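Below is one structure; the comments refer to it alone.
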């Protein structure tokens, strides 16, 4: 630790852990200097002035970009006396109506940057002047005011037009790391989302606006920085001209405003409705949530608490993939903005049908399961001959519809799909089966004028009966005829309007008329014969 008594005890320089930042001396923060640059072509001169009638105790603490103590060569001048030391902190007294000057970094080969914290026992004013004096450029100076009313937000003007470039310096006055939000406006009042700016506890950053905030490129306007945690920040603007000179640009501290920090979800699918949750601070008075651009997007049901806003957001299916800006507003103003991704609409997907088949001449309620179905407005059947669709209803994972299958609808597989504003889905197979149009009791006669009858249930011949007359040429001891009746387990399927067994077959000419043939065989001792008779029947 280095201690030097200076000018009859008025000034004391300390280096390396002499005390915590201003607290061990019981002093209060008098102000901050948001930017110092030392070494290389840069030199910063700090002025602290006591305009009061009493001697004031002061302490000057230098912070590096990473928040650590910034130890640099210092040249200290007070009441005509000069002293050179290397330190990160100086403390002492300033007599009434006198000034203390501290020059930094005159002998450093490489440039270092940071900020300064000033503590005092009474009122002091001050400023810092930083100068660039390189061999290939025009010497220029900028002034850093001693900011004695730091707040969690500040506004910095910028101008990146006609060859001018804006630099920005920011200091985190809190002992907690900060992730500042940034909101950009151009000169016409158009607002853009800026990048978050991370600054370590008691740290500092400086950057060219066009690099750190690309939306400022080619524009001029203002940038608002805000610390969501409420910690104070300080800052400075630098205006570099195309003529090789620069000057400083003052900033305007602001009280904490409406601030948003995160969105959930961070993306929304086109064609869907979601509850958007916006987290932040000072949100209790929020009455509106804005999305820009807003074409095809609607917002409703906005509700706010101190740290959260919720709203129902609908994004139409036709909205293309893009990033929109989200902000909230209250009577006190509008928040910063955060990006919300709108994702390309997803086509509906279907995975199963129930039932998977239906008979001609019937109506079925078709249930279609899948995903992304909430926007479905139609169910398609292909080929659709003889089939009509009605009463389509959709939820996120299921669609129902009424299918009317006409008696003339072709038998066989058809493709089923659904459609929404995003487009058609994949297809699944539905099978049209033979209808039960022949169900009932049929009666008629054979070509031998003997009775014949059929019973059809669910398109299946379940019973039949017919009479036979055997040839008269058979011996006298042979039977002259017989009545044949099917067994109780009879089940002969009707396909394509016909049926067939080894003994009886038939064709349905219409839903009321049928004909066919009967093959018979008589095989008894001494009695053998066979033949074929035809039959005709009508539906009773």
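The values are calculated or read from the model by the stated rules, or taken from the named source; none is laboratory data. What you see is a predicted model; the values in this text were computed from it and never measured. Virtual Cβ from ideal backbone geometry, glycine too; neighbours counted across all protein chains shown.
Take the conditions more than 21 Å from the chain's Cα centre (by Cα) and under 19 Å from residue 160 (Cα atoms) and apply them to residue 283. Does it pass? So residue 283 does not fit the description; no.
With respect to residue 404, determine if the residue is surrounded by fewer than 20 Cβ atoms within 10 Å (Cβ to Cβ), over 38 Å from the mean Cα position of the chain (by Cα) and within 14 Å of residue 366 (Cβ to Cβ). Here the answer is yes, as residue 404 does meet what is asked. Selection within the stretch 245-275: residues that are surrounded by 21 or more Cβ atoms within 10 Å (Cβ to Cβ) and within 12 Å of the chain's Cα centre (by Cα). The member of this set that is modelled with the highest pLDDT is 268. Please work out if residue 232 is closer than 24 Å to residue 142 by Cβ, touching a helix residue (DSSP H, G or I) at 6+ places or on another chain (Cβ under 9 Å) and buried (at least 20 other Cβ atoms within 10 Å of the Cβ). No.
If I filter the stretch 184-203 down to residues being part of a strand (DSSP E or B) and at pLDDT 90 or above, which single residue comes out as nearest to residue 67 (Cα to Cα)?
In the first step, residues of the stretch 184-203 are kept if they are part of a strand (DSSP E or B); the result is 184-186, 191-193, 197-199.
Remaining after also requiring at pLDDT 90 or above: 184-186, 197-199.
Details: 184: 27, 185: 30, 186: 32, 197: 15, 198: 12, 199: 9 Å.
Taking the candidates together, the pick is 199.
In the stretch 226-241, what residues are part of a loop (DSSP other than H, G, I, E, B) and within 20 Å of residue 131 (Cβ to Cβ)? Within the stretch 226-241, 241 is the sole residue that qualifies.
So that you can scan it fast, the table gives a plain yes or no per residue for (1) surrounded by fewer than 17 Cβ atoms within 10 Å (Cβ to Cβ); (2) over 26 Å from residue 155 (Cβ atoms); (3) at pLDDT 95 or above:
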position	(1), (2), (3)
22	no, yes, no
33	no, no, yes
75	no, yes, no
82	yes, yes, no
93	no, yes, no
100	no, yes, yes
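Looking across the stretch 124-162 at every residue that is assigned to a loop (DSSP other than H, G, I, E, B) and at pLDDT 95 or above, the one that is surrounded by the fewest Cβ atoms within 10 Å (Cβ to Cβ) is identified as 162.
Given the conditions (1) at pLDDT 95 or above; (2) within 15 Å of the chain's Cα centre (by Cα), report the number of the one that residue 316 does not fulfil. All conditions pass for residue 316, except number (1).
The rows are residues; the columns are (1) outside any strand (DSSP E or B); (2) closer than 30 Å to residue 129 by Cβ.
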{"position": "247", "(1), (2)": "no, yes"}
{"position": "261", "(1), (2)": "no, no"}
{"position": "275", "(1), (2)": "no, no"}
{"position": "285", "(1), (2)": "yes, no"}
{"position": "289", "(1), (2)": "no, no"}
{"position": "303", "(1), (2)": "no, no"}
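Among strands (runs of 3 or more DSSP E) entirely within the stretch 424-485, having at least 2 residues that are touching a strand residue (DSSP E or B) at 6+ places or on another chain (Cβ under 7 Å) and buried (at least 18 other Cβ atoms within 10 Å of the Cβ) singles out 428-433, 440-446, 451-457, 460-469.
Among the conditions (1) farther than 27 Å from residue 201 by Cβ; (2) at pLDDT 95 or above, residue 11 misses just one, which is (2).
Pick from the stretch 402-422 the residues that are under 14 Å from residue 370 (Cβ atoms) and part of a strand (DSSP E or B): which of them is modelled with the lowest pLDDT? The residue in question is 420.
Say we look at the stretch 305-317 and pick out the residues that are assigned to a loop (DSSP other than H, G, I, E, B) and touching a residue at least 24 places away in the same chain (Cβ under 8 Å); which of these is farthest from residue 341 (Cα to Cα)? The qualifying residue farthest from residue 341 (Cα to Cα) is 306.
When residues of the stretch 348-371 are filtered for being outside any strand (DSSP E or B) and surrounded by fewer than 17 Cβ atoms within 10 Å (Cβ to Cβ), how many remain?
First pass over the stretch 348-371, keeping only residues outside any strand (DSSP E or B): 348, 355-356, 360-361.
Narrowing the set further to residues that are surrounded by fewer than 17 Cβ atoms within 10 Å (Cβ to Cβ) leaves 355-356.
Total satisfying the criteria: 2.
Does the stretch 503-523 contain at least one residue that is at pLDDT 95 or above, outside any strand (DSSP E or B) and more than 60 Å from the chain's Cα centre (by Cα)? Taking every residue of the stretch 503-523 in turn, none turns out to be at pLDDT 95 or above, outside any strand (DSSP E or B) and more than 60 Å from the chain's Cα centre (by Cα).
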